[in-house]
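Okay, structure first, notes after.
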Amino acid sequence: MPFIPHTEADIAEMLASIGAKTIDELFDEIPKDLVSGQLTGVPPGLSEMEITRLMMERANKDGFYQNFIGAGAYEHHIPAAVWQITTRGEFYSSYTPYQAEASQGTLQLLYEYQTMMASLTGMDVSNASMYDGATALAEAALMAVRSHKTSRRILIPRTVHPVYRKVVRAIVSNQKIDVVELPFCMQSGQILPESLEDFYKEDFAALVIPQPNFFGVLEQVDALTDWAHSKNAFAIGVVNPTALALLTPPGEWGSKGADIAVGEGQPLGIPLSSGGPYFGFMACKNALIRQIPGRIIGRTHDLDNKPGFVLTLQAREQHIRRSKATSNICTNQGLMVTAATIYMSLVGPEGLRRIAAQSHANTVELVEQLEKIAGVKRTFNGPIFHEAALTLSKPVKAVLTQLKEKGILAGLDLQTYYPDIDNALLVCATETKTSSDLKNYAEQLKLSLG
Amino acid sequence: MSIPTQLKYTKSHEWVKPEADGTVTIGVTHHAQELLGDMVFVELPQVGRKLAQKEECAVAESVKAAADVYSPISGEVTAVNSGLESEPEKINQDAYSAWLFKLKPANAAELDGLLDAAAYAELLENEDH
C-alpha cells in the first residue's frame, strides 16, 4: 500500500465538507490548558542534505574497529541480498496490517518464518515474533506460570544473560511472580544439575536453561530439562539461533524436550546497529499453544479449496479479549522477521551450519592463541560455542582501552555484570574474523599484558 | 429458545443443576453457545479448587472469542468434564448435557439467589431488544 499525502486542495475540500475552517479547529474540544504548544525539545526540520551530513558525522564517530564483543548481540556476515529484498516496497512495513488477511504476502512470509523457527528449535509451534530475546523470556515465564496453575516461582540461573534477568524481573515482579536466581559452578561456568536438589525447597513453575549460557559455555541441557520435568515444572530454553544449527534443538532436550524455546533473533541477518531494533523468537510444544502470546499465522483453504493464510488462535489476543488478553505484547517485529526469513532462506540449513561451525572454530582458535600468552587463562573449563571468558593478569578495563587504541574492541568486561568474577574478559570471534584478525588480536593482547 | 425449567441460571449465562447428592452441576447455556459460535477449546478448573461466587474459573473459547465462565455459587470443584477438552463441539450440540464442572456448595442458600427459567427467559428477551 503506497503512502499518499494529502494535498492542500484535498485538505481544504475535506474541511469544507465537514464545515471546519482549519485542522486545528478539529481539536477545539481539548481543554486549552492541556495543549502543550511548542515542542521545545524538538529542533526545527533539516533538509535531506543537512541530515545526511549530520548522520555521516555521527556514524564516523563509531570508528572502524575489529569487533570481538558478543554478549547477546553477534556480528555475522549479512548477504547484501537480505536487506535489498527486505526493503522492497512489498515487504517494507514493520506492522502486521489490521486487515491481516488482505495481505497474503505478509502472512505467507510470517508463516514461513514460523515454520523455520519451529524446525530450528525442534518445537511444534512458533509465534510471529516478539520484541527481543529478553522480553520473549519474560513472556515465556508468564506463559509457564499461567499453565502451571499452582506455582508462581521461576528459577533463573545466573548464567542467563544478566540483562534478560533484569527485564524478566521488571515485567513479572508486579504480577506476584517470584524470580529465584540459581548459582553456577565457578570452575565449569555451568549450572550443575546435581546441585539443583539443594535449591529445591518448594514447587516452581519453570526452570530457565540457557544454551549456550552468557559465558559462551554449553549447559547440560538434558539433565536440566529432565530435572525440571521431574518436579512437574516446565523447562524454558533460552537459545542462540545460530548455535541451533549444530546443537540439539530444545524440543529434543532430555527425555521429553523443553516446553518453550525463546531467544534473540538478531544473529539471523540483523545488523548490530547500536543495539536495535532486534527481534525475539518464541516457540513451544502443542500442549501450550493456547498460552503462547502474540500472533500466529495458519495455513488453510477457502470455500473454493484454494490455499490461503490467516491469523489463527487469536481469540485470546488483546483486540478481542482486551484486558484479559494472554499478553499485551501483540506487535511482532515484522521488518526484522522479514530480514531473518530471507537470511535463513538464502543461507539455508547447510549455510547456517557452516556459519555456526566457523564461528565456533574461530573462537576456539582465538582462545588457544590467547591461552599461550603469559597472564591469560580460561576462566571456566566447560565446553564453549562461539564465546569464552578469559581471566587476565591485569584489570580488564585498562586492557580494553589499550586494545581499542589499536582498533580492536576486545570483548566485554565481565565485572560489569558479575562483581564476583575478577579480571575476566568475554570474547567472541564469529565467522567474520580471519586468521590474521585472530593473530593480530593475540599480538596486541600480548603487548598490552607484557 | 431452549431453557429447561428444572435448572437455575445466572446473568452471565451459566446454568446450574442441583443434584440429589447435594453437589451442583454447571455449564453454559444454549444462548451462550449461540453467541460464541463454534467452540474450539475449553479450559476447566482444577478439581479441589475452592471458588468464590462469581469467580472466573473456566474459559470457553470459540472461533470468535474466548469467554470467561464464572462460578454461579461458591464451593469446591469436585469434578470436571475433561471429555470437552477433545470434543468442545459438544457444547454446541447440546449445551445442557455438556456440563463443565461440578461443585460442592459452600453455602447452599446462594442457589436461591439464582434466576429461574422464567427470569432467565425474561433476561434474554430484554437483551435482544
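Read-outs: derived from the displayed coordinates by stated rules, not from any lab. None of these values were measured; they are calculated from a predicted model. Backbone-built Cβ (ideal geometry, glycine too); neighbour counts: all protein chains shown.
Observations on the model:
- Choice from A:K397, A:K306, A:K372 showing the highest fluctuation, given a GNM over chain A with Cα pairs closer than 10 Å: A:K306
- Trypsin sites (Lys or Arg not before Pro) restricted to DSSP loop in the range A:146-198 with at most 11 other C-beta within 10 Å: A:K149, A:K176
- Projected label distance in nm at A:A20 and B:E85, using a 7 Å step from Cα toward the beta-carbon: 5.4 nm
- Counted over the range A:80-342, the DSSP beta bridges are approximately 45% antiparallel.
- Candidate cross-link partners of A:K176 among the aspartates and glutamates, defined by an alpha-carbon separation under 20 Å and a same-chain spacing of 8 or more, comprise A:E139, A:E202, A:D203, B:E55, B:E56.
- Value in Å of the Kirkwood radius, where the range A:80-342 supplies the Cα pairs that are averaged: 18.8 Å
- Summed residue charge, Cβ within 14 Å of A:A73's Cβ, Lys/Arg positive, Asp/Glu negative: -4
- Build a GNM of chain A with springs between Cα atoms under 10 Å apart, and of A:N305, A:N240, A:N381 the one that fluctuates most is A:N305.
- Between A:L39 and B:L35, the C-beta separation translates, for a Förster distance of 51 Å, into a calculated FRET efficiency of about 0.60.
- For the protein assembly as shown, size of Cβ-based charge dipole, Lys and Arg +1, Asp and Glu -1, in debye: 1900 debye
- Among A:V163, A:T326, A:L110 - extreme Cα towards positive end, dipole of the range A:80-342, charges at beta-carbon: A:T326
- Cα convex hull volume per residue for the range A:208-291 (Å³): 106 Å³
- The antiparallel fraction among DSSP beta bridges confined to the protein assembly as shown stands at about 75%.
- Solvent-free Debye scattering, log10 I(q)/I(0), computed from the Cα coordinates of chain A at q = 0.07 Å⁻¹: -0.42
- Among A:F184, A:A128, A:S151 - extreme Cα towards positive end, dipole of the range A:105-191, charges at beta-carbon: A:S151
- Build a GNM of chain A with springs between Cα atoms under 10 Å apart, and of A:N362, A:N127, A:N286 the one that fluctuates most is A:N286.
- Using the empirical formula 2.2 N^0.38 Å as the baseline, the Cα radius of gyration of the range B:8-106 reaches a ratio of 0.96.
- A crude spin-label estimate for the pair B:E76 and A:K406, with each label 7 Å from Cα along the Cβ direction, gives 7.3 nm.
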